[in-house]
Amino acid sequence: AAMQRLLGPLLCLWALRLPAGSGAAARGLDVASYRERVRAMFYHAYEHYLESAFPYDELRPLTCDGQDTWGSFSLTLIDALDTLLILGNVSEFQRVVNVLQDGVDFDIDVNASVFETNIRVVGGLLSAHLLSRKAGVEVEAGWPCSGPLLRMAEEAARKLLPAFQTPTGMPYGTVNLLHGVNPGETPVTCTAGIGTFIVEFATLSHLTGDPVFEDVARKALKALWKNRSDIGLVGNHIDVITAKWVAQDAGIGAGVDSYFEYLVKGAILLQDKELMSMFLEYNKAIKNYTKFDDWYLWVQMYKGTVSMPVFQSLEAYWPGLQSLIGDVDNAMRTFLNYYTVWKQFGGLPEFYNIPQGYTVDKREGYPLRPELIESAMYLYRATRDPTLLELGRDAVESIEKISKVDCGFATIKDLRDHRLDNRMESFFLAETIKYLYLLFDPDNFIHNDGSDFDVVVTPYGECVLNAGGYIFNTEAHPIDPAALHCCRKRREEHWEVEDLMREFYSRKKTKKFTLKRAPDHGEGENAKDPEDASSEKAEEKRNSKKSSHSLLSCPSQSFNSKLAVLGQVFLDNT
């Protein structure tokens, strides 16, 4: 049913969470204390960015100044915006929204990375747009289908569209925001730079009603799928004009990583069986050719022979991704391998030679990446294994001891001697701090289990938001999947929303559900009883159905109402 597609996954999303256990306490780890230390880390970095680097993209913490890196967007401010709300700072969120509206201009003569602009700028603005009402921003009539941050995200994304105008549909890696693709621009793009758009671009299409964004993202995904090798692998770099593979190393790390991530997250966000099927086919080939003793190596994409026996720090997202398809046991084994590397160096070197058990020359640095912490956060939600909190503890201790300087936190240039580099990437505040905080904050609204949500009135009818089930883009910007159903009028879904809310109220004696009706622009805060709002037709529709199960019990449902997360495997049992 339409409403099962909309709300069924959200209601079930965190239902498999284990109760808060005593394992962490038994090991003497004070979760609340570490949460507050992470909060302090955020403000040490954020405040020094504002004082010393704004409006530049990034802070240079050793010289206490700023630099533009990815396009002159005040990037750290955009990337940190939703982290502010996760930490509970609504006043600063509101202030920054106004600053960005007044100060960011995309009509500039700058060559920008298509990939980075999408995940950091478009993703950050979309997330902030969808969280605006929760942060107390006075949103305009028609939200979430309109709003200044949504318009900014759309403007930024339109600047990227010329990159997709290739014979294959795979985008160039760089575009000039004023003039489009430069003559003579290299046609060679990494796989991740082609396959990491569906989360942001599909969200844009669903909110704005313009299908062009989702269309180009899907075309790029399918082009990569079409050009996989006979043994089911993709390489690292491809020519977007000829579709010839330029770099034929296949693995799960740098240059490929978020392509696989977005097949899974796109499948969950859009309830798309084709995307999940593509990932599962890749997953078989990855296990067959690249997996050795719970490590993942790099192999030649056509032959499957090992080309690089290394672990890259960017690969540490993989256990978290495995948890999303329910493969928790394998995820934990791989995570523990990666954790041994962290404990060896106090961080993850960019490259680690697995047979030698040591760093690779000129790849000894750790730029405060989030991937291992990200996996710990996902796996802790699934297992409550205190080992995952211990990784969070070790990350806090290492980063504070090695990386903290007077003006922020500096990239670690070499984990062997702790030399620092004069850079603080925006992802430190967008991802690393966010995942650490969420690891130590089990009651954060991001972890909502569906029992608390808002009902928002849009020009297309009533819509459920903030019920949980957030999908993080690869820059850790959370997208509310329910929002994708707010901006298209589907009368049947509207009736079934009312029907489902009626069912919630009928269960109030045995279940506690908080239903908050978010006010329209200019309305008061008083909640409206959905029984008063529902139509006679919805009542007739409900009475005419003989439901064989409760939507609240997470039953076995058709594919479109399943969600692969925290032990629920994305498989069709029918």
Accessible-area order for THR458, THR69, largest to smallest, probe 1.4 angstrom, reads THR69, THR458
For the stretch 52-143, the dipole about the Cα centre with charges only on Cβ (Lys and Arg +1, Asp and Glu -1), to the nearest 20 debye, works out at 400
From the Cα centre of the stretch 192-269 to that of the stretch 353-398, the distance in Å is 26
Measure of exposure for TYR380: accessible area at 1.4 Å probe, Å² rounded to 10, is 20
Taking every other residue with Cβ under 12 Å from the Cβ of HIS477 and scoring Lys and Arg +1, Asp and Glu -1, one gets -3
Whole-percent carbon and sulfur contribution to the accessible surface of the stretch 395-488 (1.4 Å, no ligands, DNA or RNA) stands at 41
Shape descriptor, the stretch 157-225: equivalent ellipsoid semi-axes (Cα gyration tensor, sqrt 5λ, whole Å, largest first) stand at 19, 15, 9
In nanometres, the difference between 0.36 nm per residue of separation and the alpha-carbon distance of THR340 and GLU400 is 19.6 nm
In this structure, the FRET efficiency calculated for ASP30 and THR63 from their beta-carbon separation, with R0 = 41 Å, to the nearest 0.05, is 0.70
Judged on accessible area alone, 1.4 Å probe, highest first, LYS287, LYS413, LYS226 line up as LYS226, LYS413, LYS287
Regression test value, accessible area per residue of the stretch 299-445, probe 1.4 Å, units Å², expected 32
Here the gain from full extension of LEU161 to VAL246, 0.36 nm per residue of separation minus their alpha-carbon distance, amounts to 28.2 nm
Links exceeding 19 Å between C-alpha atoms in this model, out of LYS219/LYS265; LYS222/LYS291; LYS222/LYS265, come to LYS222/LYS291
Averaged per residue, the 1.4 Å probe accessible area of the stretch 161-226, protein heavy atoms only, in Å², is roughly 34
Note: ARG419 to GLU185 extended length (0.36 nm per residue) minus current alpha-carbon separation gives 80.7 nm
Sorted by chain and then number, the residues having a modelled amide H within less than 5 Å of the amide H of TYR358, at least 5 places away or on another chain, are ASN353
Heavy-atom accessible area of the stretch 152-228 with neighbours in place, 1.4 angstrom probe: carbon+sulfur share in percent works out to 52
Treating only Lys and Arg (+1) and Asp and Glu (-1) as charged, each at its beta carbon, one finds that the stretch 316-438 has a dipole about its Cα centre, in Debye to the nearest 20, of 60
The size of the Cβ-based charge dipole (Lys, Arg +1; Asp, Glu -1) of the stretch 189-312 about the Cα centre, to the nearest 20 debye, is 340
Measure of exposure for HIS447: accessible area at 1.4 Å probe, Å² rounded to 10, is 10
By the Cα gyration tensor axes a ≥ b ≥ c (a/c under 1.5 gives rounded; else a/b larger than b/c gives prolate, otherwise oblate), the shape of the stretch 292-339 is prolate
Taking 96-107, 349-360 and ranking on average Cβ neighbours within 10 Å, highest first, one gets 349-360, 96-107
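The values are calculated or read from the model by the stated rules, or taken from the named source; none is laboratory data. Model, not experiment: these values are computed from the prediction. In this analysis, Cβ positions are derived from the backbone assuming ideal geometry, glycine residues included, and neighbour counts consider all displayed protein chains. Each accessible area value is taken on the protein alone, full model and side chains, heavy atoms only, with ligands, DNA and RNA left out. Shrake-Rupley method; radii C 1.70, N 1.55, O 1.52, S 1.80 Å.
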